[in-house]
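Bear in mind that the values in this text are calculations on the coordinates, not laboratory data. Bear in mind that the values here come from a model prediction, so they are computed numbers and not experimental data. Counting neighbours? That spans all protein chains shown, and the Cβs are built from the backbone with ideal geometry, glycine included.
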Amino acid sequence: MTTGVRRRMGVEERRQQLIGVALELFSHRSPDDVSIDEIAAAAGISRPLVYHYFPGKQSLYEAALRRAADELAARFLEPPKGPLGARLLRVMGRFFDFVEEHGPGFSALMRGGPAVGSSRTNAMIDEVRQAAYDQILAHLGIDDPSPRLALVVRSWVSLAESTALIWLDGRRIPRAELELQLVHDFAALAAVSAAYDEEMATLLVRILADEPLDGPFGDLVGRLVELVPAMAKVPAQRLR
């Protein structure tokens, strides 16, 4: 038989509870639209008690952002086993899981939300991008990337971010198609860079040598081959 007496939380436990409650609310609505009163009600405590643990909404928002940033960075972790295309596709699946679970919160994280211009917020966003960049290099087995490879990876991370933000505004393209397209985008960026740089060409050949025909990169090659007959019908002068 229960007594109905609620257990008193310790300071850190209460802080973590409030961060979790705030993150849940921020994940479904813009942080600007969530009040301290709502956070207090969802946590089952009074408004003054929220201020006992956090000086204001901004500090609570930044704490929730910190948790979201850590979780998002973890979505890029993937064992370096198997073909690169399949690994990147699994990463994109987890990335879009996060985007879908935390729609408004993801937008706030990547756009700054109510903390636009905050050095702490900007630093957290940069940490997420850097974590993604480092993980992709780890998948490639490269510690010291060439300038062109660094450009390819950072461009792709930025593309994944902007694609997710655009997708959230209406979700007019099936999510699975976008995940695969982003993996194809990585291969395309690498291929274009390989056309200009011998080191990138060597890396691309190494990557493709391990790719199965039924993998994401093989799928891209098949789609491009299907375009060849159509391209052959284009007058030569229009291709110059």
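Quick notes on this structure:
- Degrees between helix 84-101 axis and first principal axis of the chain (Cα, 0 to 90, nearest 10): 30 degrees
- Across Arg206, Arg67, Arg154, mean-square fluctuation computed from a Gaussian network of the chain (C-alpha pairs under 10 Å connected) peaks at Arg206.
- For the range 64-77, the Karplus equation 6.51 cos²θ - 1.76 cosθ + 1.60, evaluated at θ = phi - 60°, returns couplings of 5, 5, 4, 5, 4, 5, 5, 5, 5, 4, 5, 5, 8, 6 Hz by residue, with Gly and Pro reported as x.
- Charge context of Arg120, other residues only, Cβ under 9 angstrom, K/R +1, D/E -1: 0
- FRET efficiency, Gln130 to Glu226 (Cβ-Cβ, R0 30 Å, nearest 0.05): 0.20
- Residue-wise HN-Hα coupling along the range 15-27, computed from phi with Karplus coefficients 6.51, -1.76, 1.60 (Hz; x: Gly, Pro): 4, 5, 5, 5, 4, x, 5, 5, 5, 4, 5, 5, 6
- As a calculated quantity, the FRET efficiency between Ala150 and Arg8 at R0 = 30 Å, using C-beta atoms, amounts to about 0.05.
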